[in-house]
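**Student:** This is the structure I want to talk about, given as structure tokens.
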Amino acid sequence: MANRRASERRPSDRRASGLSSRRPSIDPWRLVPMDKTVHIGGSDDFNVLFIGAGNIMFGSDEGPWNHSFRFEHKLGRRLKVVALIDPAIERATAVLQKKCDSFVVSAYQDTRVFKTLEDFVKNMAPKDRPRAVIVGSPPMFRGSLAPGRDIEMQILKFFPGVAMFIEKPIATGPKSEIQDAFTIAKTIQDSKTICSVGYMLRYLKATQMMKHIIDENNLTVMATIARYACAYESIAKPDWWDKSKSAGPIVEQGTHFCDLSRYFGGEVDMSTVNAHSLEWDENAGALSKMAVDESKIAPENRIPRVTSATWKYDSGAVGSFTHVVSLQGTNYSCELEVYADGYMLKLVDPYVQPTLYIRKPGDDNEQMVRFPDDDPFFSEVSNLIDIIEDIEEDPEAAQILSSYEDAVRTYELTWAIREASERSREAAKLKAAAAA
């Protein structure tokens, strides 16, 4: 029996090999919309420290992100934002004033603004000690051991044992600092600090339904196929178009779909990552409606228009991801397909109107399930607070779906894709030069 050929093995033999790569999941029906929940119980204050006064923390017209809004709804009158850390004092003061002029004034009326975390610590009263620190500062200021870019290590030093929520990607520094990020991950893990990273697409009901189908049927993923086409016309931030500042669209933007791919496929064999790119100076890479003046960016730092990558997972499955800078208008076009024996699971439009298409054995037709009121931003905040409060006896009720170490591995994959595409471009240049 031990010498059976692979083609003769039972499906259960093959499927068992995929169990080790599975990641935590939540019953999708436990993910309750924000407007269907009640404020978490208790009368004591829940102190929160916000680091970063930008769009991710306080919202903008560009998207649904707004962490403060979700914390307000989860904690109600218990929420007390003890301080807001941001070097841009005027911006921080302005957003606080808006909050104080609204119905959530009780959460912000005593909030103080500081330029640095160290300034807050020096002026902090014992009653201001936070129960959670929310990091929404730009990624170039985190994920590193370098002074001034080591916010995680500062939090661990000043507030040992205090829970952290950190936005994604965990960094956009040089590739040489990835090991620093793994060191931070190990420090967080060894200290047993509760830490969640903002890969909110893991918290989609559709994503968790996909996980449920895979687990319920004891499936092993065979392939993941991801596509992300952004609406470049609406991207007016010059830094986004500059690889030296944003690390490029794969690292900074495509990270969500690289992360979802890993969530279903498991760990990636980094040595197998291959990629090709369409660059700004190639004929097909010309864009007609850019909102920035690319001539002000050094040619070597201009971003690719298309990056297409493939890789092997440790399980033997195959992954692929294509990122495209091509659409105009405002709406993006994003999809993730997951294949297993007899099954196709396709997630469409996860950012705006998540829709899941399911094809099962014995049926050539696809079942479509829509999730119109889902809010993964709230679900990730809600789960974090429930774990901090330790209010739920059921161990499956609340889980952190993206640990810091997991986020570092996604970061490592995005850098591997970027480097692979740059190597293939250099190889093409050398080939062309030799032919000339």
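**Student:** Could you tell me which numbered condition residue 65 fails, if it satisfies all but one of (1) more than 21 Å from residue 152 (Cα to Cα); (2) at pLDDT 95 or above?
**Tutor:** All conditions are met except number (2).
**Student:** Here is a follow-up. For a quick check of your reading of the model, give me the residue pairs whose first member lies in the stretch 414-436 and is part of a helix (DSSP H, G or I), whose second is among the acidic types (Asp, Glu) and at pLDDT 90 or above, with beta-carbon atoms closer than 7 Å and at least 6 apart or on different chains.
**Tutor:** 425/279
**Student:** Among the residues of the stretch 261-284, which ones are without any contact (Cβ under 8 Å) to a residue 40 or more places away in the chain and either on the phi > 0 side of the Ramachandran plot or in contact with a Leu (Cβ under 7 Å, 6 or more places away or on another chain) (or both)?
**Tutor:** Selection gives 284 alone.
**Student:** What's the total number of residues in the stretch 130-146 that are modelled with pLDDT of 95 or more and surrounded by fewer than 18 Cβ atoms within 10 Å (Cβ to Cβ)?
**Tutor:** 2
**Student:** Please list, ordered by first then second residue, the pairs with beta carbon atoms under 7 Å, 6 or more apart or interchain, first in the stretch 96-119 and closer than 17 Å to residue 57 by Cα, second of a type in the set (Ser, Thr, Tyr).
**Tutor:** As it stands, the answer is 96/108; 96/111; 99/108; 100/108; 113/93, since those pairs meet every condition given.
**Student:** Scan (1) among the basic types (Lys, Arg); (2) under 22 Å from the mean Cα position of the chain (by Cα); (3) exposed (fewer than 15 other Cβ atoms within 10 Å of the Cβ) for the single condition residue 289 breaks and write down its number.
**Tutor:** (2)
**Student:** When only residues in the stretch 307-353 that are under 21 Å from residue 287 (Cβ atoms) and polar (S, T, N, Q) count, which is farthest from the chain's Cα centre (by Cα)?
**Tutor:** Checking each candidate, the answer is 328.
**Student:** Only residues in the stretch 138-166 that are assigned by TED's automatic domain parsing to the domain that holds residue 181 and farther than 12 Å from residue 195 by Cβ count as the first member; pair them with residues that are buried (at least 18 other Cβ atoms within 10 Å of the Cβ) and polar (S, T, N, Q), Cβ under 6 angstrom, at least 6 apart or cross-chain, and list the lot.
**Tutor:** 139/172; 140/172; 150/144
**Student:** Looking at the stretch 56-107, which of its residues are over 15 Å from residue 378 (Cβ atoms), surrounded by 13 or more Cβ atoms within 10 Å (Cβ to Cβ) and among the hydroxyl-bearing types (Ser, Thr, Tyr)?
**Tutor:** Within the stretch 56-107, 93, 106 qualify.
**Student:** Within the stretch 108-121, count every residue that is closer than 13 Å to residue 154 by Cβ and exposed (fewer than 14 other Cβ atoms within 10 Å of the Cβ).
**Tutor:** The qualifying residues number 1.
**Student:** Mind listing whichever residues of the stretch 348-392 are closer than 18 Å to residue 220 by Cα and hydrophobic (A, V, I, L, M, F, W, C)?
**Tutor:** 358, the sole residue that qualifies.
**Student:** Just checking, which of 99, 127 is of a type in the set (D, E, K, R) and out of contact with any helix residue (DSSP H, G or I) (no Cβ under 6 Å at 6 or more places or on another chain)?
**Tutor:** From the options 99, 127, the qualifying one is 127.
**Student:** Continuing with the same structure: Looking for something closer than 25 Å to residue 321 by Cα, surrounded by fewer than 20 Cβ atoms within 10 Å (Cβ to Cβ) and in contact with an Asp or Glu (Cβ under 6 Å, 6 or more places away or on another chain) - is there at least one such residue anywhere in the stretch 189-212? Quick ask: steps written out before the conclusion?
**Tutor:** Step one: list which residues in the stretch 189-212 are closer than 25 Å to residue 321 by Cα, which gives 196-212.
Adding the requirement that they be surrounded by fewer than 20 Cβ atoms within 10 Å (Cβ to Cβ) leaves 212.
If we keep only those that are in contact with an Asp or Glu (Cβ under 6 Å, 6 or more places away or on another chain) as well, we get none.
There is no residue in the stretch 189-212 that is closer than 25 Å to residue 321 by Cα, surrounded by fewer than 20 Cβ atoms within 10 Å (Cβ to Cβ) and in contact with an Asp or Glu (Cβ under 6 Å, 6 or more places away or on another chain).
**Student:** Follow-up question, since we're still on this one. When you scan the stretch 212-228, do you find a residue that is without any contact (Cβ under 8 Å) to a residue 24 or more places away in the chain, more than 20 Å from residue 138 (Cα to Cα) and not assigned by TED's automatic domain parsing to the domain that holds residue 416, even just one?
**Tutor:** no
**Student:** Report yes if residue 4 is at pLDDT below 70, out of contact with any Gly (no Cβ under 8 Å at 6 or more places or on another chain) and farther than 24 Å from residue 151 by Cα, otherwise no.
**Tutor:** Details: at pLDDT below 70: yes; out of contact with any Gly (no Cβ under 8 Å at 6 or more places or on another chain): yes; farther than 24 Å from residue 151 by Cα: yes.
For residue 4, the condition - at pLDDT below 70, out of contact with any Gly (no Cβ under 8 Å at 6 or more places or on another chain) and farther than 24 Å from residue 151 by Cα - is met.
The values are calculated or read from the model by the stated rules, or taken from the named source; none is laboratory data. Quantities reported herein were computed from a predicted structural model and do not represent experimental measurements. Backbone-built Cβ (ideal geometry, glycine too); neighbour counts: all protein chains shown.
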